[in-house]
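The values are calculated or read from the model by the stated rules, or taken from the named source; none is laboratory data. Since this is a predicted model, take the numbers as computed values, not measurements. Cβ placement follows ideal geometry from the backbone for every residue including glycine, while neighbour counts extend to all protein chains displayed.
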Number of protein chains: 2
Amino acid sequence: MSLTISIDAMGGDHGPVVTIPASLDCLKNNPDLILILVGDETVLKQQLANTAGDFKERLLIQHASQCVEMDESPSKALKNKKDSSMRVAINLVHNGQADACVSAGNTGALMATARFVLKMIPGIDRPAIISTLPSIYGHTHVLDLGANVDCTAEHLFQFAVMGTELVRAVENIENPRVGLLNIGEEDVKGNEQVKAAAKLLENSALNYIGYVEGDSLNAGAVKVDLIVADGFVGNVALKSIEGAAKMISNGLKMAFGKNMLTKLAGLIVYPVLKSFKQSIDPRLYNGASFLGLRGLVIKSHGGADALAFKTAIQLAELEIKKDVIKKISEQVEKSLALRESA
Amino acid sequence: MSLTISIDAMGGDHGPVVTIPASLDCLKNNPDLILILVGDETVLKQQLANTAGDFKERLLIQHASQCVEMDESPSKALKNKKDSSMRVAINLVHNGQADACVSAGNTGALMATARFVLKMIPGIDRPAIISTLPSIYGHTHVLDLGANVDCTAEHLFQFAVMGTELVRAVENIENPRVGLLNIGEEDVKGNEQVKAAAKLLENSALNYIGYVEGDSLNAGAVKVDLIVADGFVGNVALKSIEGAAKMISNGLKMAFGKNMLTKLAGLIVYPVLKSFKQSIDPRLYNGASFLGLRGLVIKSHGGADALAFKTAIQLAELEIKKDVIKKISEQVEKSLALRESA
């Protein structure tokens, strides 16, 4: 089975310093994997000087003369950066040379370029960003995390259809439990958008379990596999959780740093705290998929280090193996046919 | 100075078992405080049997024959429960017998009743719920936390005006820093509602610092005193933070409970963890104010214990002392005049 991934090697806050070590690590872990590093050939070859030989047939370089800046406007990137590492990496997916693309670059530009080059799956209006969060049940898939800020009920429904198929494929769950993010669990709660989406979900073949509140992302009363939200709300929730985790982590550090005794106590429990911290390490949850496109694009956090970027590449590997795009396309077609015949 | 608070003694998941001990504790702490317990006289007297004498002139009972259920619809409560402990407690504020009311009852019913009885401050369209969250800078005030699910830019602006006045009064900060909750800090980010609200805030006399993201609630890159959001978004963010804190707290417990050695380590650092946990104890942040009404109403969490309910009563004491309602009314009038003359 072909397993070729194009890497936007210049993308992200750190570029090749991060993307190359992560790529090499993935090649070492998976003998079936082929990676195409896209970027400035000279820079990449320099960075690879001592190691490239190890994987010579599985590590290719594709030159690209430009680079999309992290704060560049999506429309400008689309217009002026036709030979950017990002664009060329996506082109490789479009023309079938790669099965997926991974980039830590500018989210807006990546989304706009991916949409322009790869096009949408018929029946889907807008792409959505899906990722996973750690939870007391393992983890939860959540979409949309910020691609769409003014969603209709129909958009939320489409997100649920695509998300269900992704979760089904990557988690091997037959009927993923779908929750709709709201500010209460009672029917009367919520805004018009959410209430209308609930009706669409209730009348669908999806395993819709009803409204869930923000705490369900990490620690709800019942397990939910997929949480659907407007991109504005989903993004605020995600960032709020990041802030809470940061505050708690800072607070623990300060508490243990208080005096000699607490410092000593901190040393004693260091392995315990470390193992727990690792279990919710955001780097192990790095990588968001753009759903709704006719090709696989994985977005890594811009500030990702090599471990985090490696996680994103591994997510791409998993989604290729599980044939996620094909399954989503088929399911979207089926679910649209079902609704039209209803 | 008069400092009289009516207590919906029957409200919340636990009723008098929680509201009475909390009330007694507040009376003990503040010799100027007068509390009016509103509810079933027989039940309240029974509960008070051994203690009431201690504060006989400062602990009054006002009989109310009904009780609003936690899941009762606001409109039904408003129509059918005219002698509920909640309604009577609010009536006492309306007719001037109390300076504020505290209830742990059904949020929707409390809001609807408060709005019906007390009426809105002229110039304000909708009441908003404001509360504080712990942050790495101390704490952050946030509104709206769920009263309004489809806000216009004008509503968000009104929330900012009211919230600024509250923060100025209770925190003694001359020009509270106001942030608008969004999914990015760049101008192009956000939905139409937020972009339009940003324009109103930029052209106002408020100390508007721009967009902030979800992580600013607990741990942003810069300090912000007041964060303004649509009630849907604010509520999801609040609950998401609660879920994250719960997951981390559970995870730490499990990590320390792993084996004999980790249990021993846990014992050693128990005081350190406990003191940190206390610093972010949600019970010490209990109590949300309904802003925009012509009277002070404080909502306690429904599941509050005596410590949490005490915090809510103390918030009412503080807001009475700081004359928050009067200050907000004056400021709203001023800011409306300013905009009309502009």
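Computed values, structure above
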read-out	value
Conditions (1) surrounded by fewer than 24 Cβ atoms within 10 Å (Cβ to Cβ); (2) assigned to a strand (DSSP E or B): number failed by residue B:276	(2)
Residue selected from the range B:92-109 under the condition in a helix (DSSP H, G or I) and touching a helix residue (DSSP H, G or I) at 6+ places or on another chain (Cβ under 6 Å), by the criterion farthest from residue B:14 (Cα to Cα)	B:94
Candidates A:103, A:84, filtered to the one that is small (Gly, Ala, Ser), at pLDDT 95 or above, in contact with a Cys (Cβ under 7 Å, 6 or more places away or on another chain) and crowded, with 19+ Cβ neighbours inside 10 Å	A:84
Answer residue from the range B:194-205, given it is within 14 Å of chain A (Cβ to nearest Cβ) and either crowded, with 21+ Cβ neighbours inside 10 Å or in contact with a strand residue (DSSP E or B) (Cβ under 8 Å, 6 or more places away or on another chain) (or both) and is nearest to residue A:235 (Cα to Cα) among those	B:194
Residue A:147 being in a helix (DSSP H, G or I) and either hydroxyl-bearing (Ser, Thr, Tyr) or closer than 23 Å to residue A:234 by Cβ (or both)	no
Qualifying residue in the range B:185-192 (condition: closer than 27 Å to residue A:133 by Cβ and among the small types (Gly, Ala, Ser))	yes
Some residue of the range A:142-152 being within 11 Å of chain B (Cβ to nearest Cβ) and touching a Lys or Arg at 6+ places or on another chain (Cβ under 6 Å)	yes
Boolean, residue A:166 is in contact with a helix residue (DSSP H, G or I) (Cβ under 7 Å, 6 or more places away or on another chain) and over 24 Å from residue B:106 (Cα atoms)	yes
Residue list for the range B:220-237, restricted to those being aliphatic (A, V, I, L, M) and modelled with pLDDT of 95 or more	B:224, B:226, B:227, B:228, B:229, B:233, B:236, B:237
Filtered residues of the range A:206-218 (kept if of a type in the set (Phe, Trp, Tyr) and closer than 15 Å to residue B:235 by Cβ)	A:211
In the range A:153-191, the residues that are part of a loop (DSSP other than H, G, I, E, B), more than 11 Å from chain B (Cβ to nearest Cβ) and of a type in the set (Asp, Glu)	A:174
Given (1) in a strand (DSSP E or B); (2) away from chain B (no Cβ under 14 Å), number of the condition residue A:132 does not satisfy	(2)
Residues located in the range B:279-315, provided they are buried (at least 24 other Cβ atoms within 10 Å of the Cβ) and of a type in the set (Asp, Glu)	none
Filtered residue count, the range A:218-260, keeping only those that are in a helix (DSSP H, G or I) and either at the interface with another protein chain (Cβ under 7 Å from one of its Cβ atoms) or in contact (Cβ under 8 Å) with a residue 60 or more places away in the chain (or both)	25
Residue match in the range B:241-257 (condition: over 30 Å from residue B:127 (Cα atoms), among the hydroxyl-bearing types (Ser, Thr, Tyr) and modelled with pLDDT under 85)	no
Pairs with Cβ under 7 Å, 6+ apart, first in the range B:38-52 and on the phi > 0 side of the Ramachandran plot, second of a type in the set (Ser, Thr, Tyr)	B:39/B:85
Among (1) within 18 Å of the chain's Cα centre (by Cα); (2) surrounded by fewer than 16 Cβ atoms within 10 Å (Cβ to Cβ); (3) not assigned by TED's automatic domain parsing to the domain that holds residue A:21, the one test that residue A:120 misses	(3)
Complete set of residues in the range A:208-217 that are of a type outside the set (D, E, K, R) and either without any contact (Cβ under 8 Å) to a residue 40 or more places away in the chain or more than 7 Å from chain B (Cβ to nearest Cβ) (or both)	A:208, A:209, A:210, A:211, A:212, A:214
Top-ranked residue of the range B:44-71 - restricted to ones that are surrounded by fewer than 16 Cβ atoms within 10 Å (Cβ to Cβ) and at pLDDT 95 or above, ranked as nearest to residue B:107 (Cα to Cα)	B:65
All positions within the range A:1-14 that are surrounded by fewer than 24 Cβ atoms within 10 Å (Cβ to Cβ) and either without any contact (Cβ under 8 Å) to a residue 24 or more places away in the chain or within 19 Å of residue A:284 (Cα to Cα) (or both)	A:13, A:14
